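Novice: I am attaching a structure below and will ask some questions about it afterwards.
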Amino acid sequence: MKIVFATNNAHKLKEVSAVLGEGYELVTLREVGITEDIPETGATLDENASLKARYVYERTGLDCFADDTGLEVEALGGAPGVHSARYATDGHDFAANNRKLLNELEGVENRAARFRTVIALIEGGKELRVEGIVEGTIATAESGAEGFGYDPLFIPNGYERTFAEMSADEKNAISHRGRAVAELVKLLKE
Ligand code: IMP
């Protein structure tokens, strides 16, 4: 089954393809000729996932899905949340975001956080949404070189290593995106 994944992020594409498995051919935005940034003007992860999926559907008429993820830190009232990509700067500067997060949490004891992914699927013109959550804590320093984004700072509950210290398979099995994609697969198979 051919389905457009509204992303050009190679890391995400690899993660999601691995969870979806054979039988699904993921098509990227570039491959359907969408090269501009899709506006992410929603106030919530749900809104943004939905906006992105509809944008692709309106232009291509193809079955598609879009995800939006946020890191929600308890002591920061859920920030950076929907602003996770542009937390420290206007761009996707992962190193600056991680530095800012460490600064904001300096001396803070409650380091509880969770990653939440929302996926909006449009199949046969009908829209559905699923989500995936992983709970964890924010480390006091970065560790590991795998993954991307906040991975070097996020320790999932039940582990003593950050996501950036795990193999892609290990992360996928427990991650927010892995769980959301597992829910997506259930929907696609229904
Ligand atoms: P997006 O909605 O998936 O683009 O995610 C927004 C931001 O959240 C990204 O720019 C990253 O900073 C962060 N993020 C999303 N997924 C992950 C992940 O799996 N690990 C670490 N950071 C992530």
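FYI, it's all coordinate maths here, none of it is from the lab. As the structure is a prediction and not an experimental result, all values here were calculated from the model. Reconstructed Cβ throughout: ideal geometry from the backbone, glycine too, with neighbour counts over all protein chains shown.
Novice: So how many Lys-Lys pairs in the range 2-189 land under 20 Å Cα to Cα, not counting same-chain pairs under 8 apart?
Specialist: 16
Novice: Given 0.36 nm per residue, what is the gain on full extension from Val32 to Asp46 after removing their alpha carbon distance, in nm?
Specialist: Working: separation 14, 0.36 × 14 = 5.04 nm, distance 2.35 nm.
Taking 0.36 nm per residue and subtracting the Cα distance, the gain is 2.7 nm.
Novice: Let me ask another. I need the calculated FRET efficiency for the pair Ala182 and Ala96, taking r as the beta carbon distance and R₀ as 45 Å, to the nearest 0.05. Mind dumping the intermediate values first?
Specialist: Working: r = 32 Å, r/R0 = 0.70.
E(calc), rounded to 0.05, equals 0.90.
Novice: On to the next question. Of Ile34, His92, Tyr24, which is farthest along the charge dipole of the range 2-189 in the positive direction, counting Lys and Arg as +1 and Asp and Glu as -1 at C-beta?
Specialist: Going by the charge dipole, the pick is Tyr24.
Novice: Could you give the spread of the C-alpha atoms of the chain along their three principal axes, from largest to smallest, in whole angstroms?
Specialist: 50, 31, 24
Novice: Once Lys and Arg get +1 and Asp and Glu get -1 on their Cβ, which of Val130, Asn157, Ser167 lies farthest toward the positive end of the dipole of the range 107-190?
Specialist: Farthest towards the positive end: Val130.
Novice: Any idea what log10 I(q)/I(0) is at q = 0.23, 0.24, 0.29, 0.30 Å⁻¹ for the range 141-185, Debye with uniform C-alpha scatterers and no solvent?
Specialist: Calculated log10 I(q)/I(0) at the listed q: -0.74, -0.79, -1.04, -1.08.
Novice: Charges only on Cβ, +1 for Lys and Arg, -1 for Asp and Glu: so what's the dipole of the chain about the Cα centre, in debye to the nearest 20? It would help to have the intermediate numbers written out before the result.
Specialist: Values: 21 positive and 33 negative charges, 54 e Å.
Charge dipole, the chain, about its Cα centre: 260 debye, nearest 20.
Novice: Which distance in nm do the two modelled labels at Tyr159 and His83 give, with both placed 7 Å along the Cα-to-Cβ direction?
Specialist: Once both label points are built, they end up 2.8 nm from each other.
Novice: Based on the Cβ-Cβ distance of Ser167 and Leu128, what FRET efficiency does E = 1/(1 + (r/R0)^6) give at R0 = 30 Å, to the nearest 0.05?
Specialist: On the way: r = 31 Å, r/R0 = 1.02.
Using R0 = 30 Å, I get an efficiency of 0.45.
Novice: Tell me the relative contact order for the chain as a rounded percent, counting alpha carbon contacts under 8 Å between residues six or more apart.
Specialist: Working: 364 pairs, mean separation 35.4, N = 190.
Result for the chain is 19 percent.
Novice: Related question: Please give the helix 94-104 orientation as an angle from the longest Cα principal axis of the chain, in degrees from 0 to 90, rounded to the nearest 10.
Specialist: Tilt relative to the chain: about 40 degrees.
Novice: With axes computed from alpha carbons, what is the tilt in degrees of helix 176-189 against the longest principal axis of the chain, rounded to the nearest 10 within 0 to 90?
Specialist: 20
Novice: Could you tell me what percent of the DSSP beta bridges with both partners in the range 2-189 are antiparallel, to the nearest 5?
Specialist: Working: 27 of 32 bridges.
Among the beta bridges of the range 2-189, antiparallel pairing accounts for roughly 85 percent.
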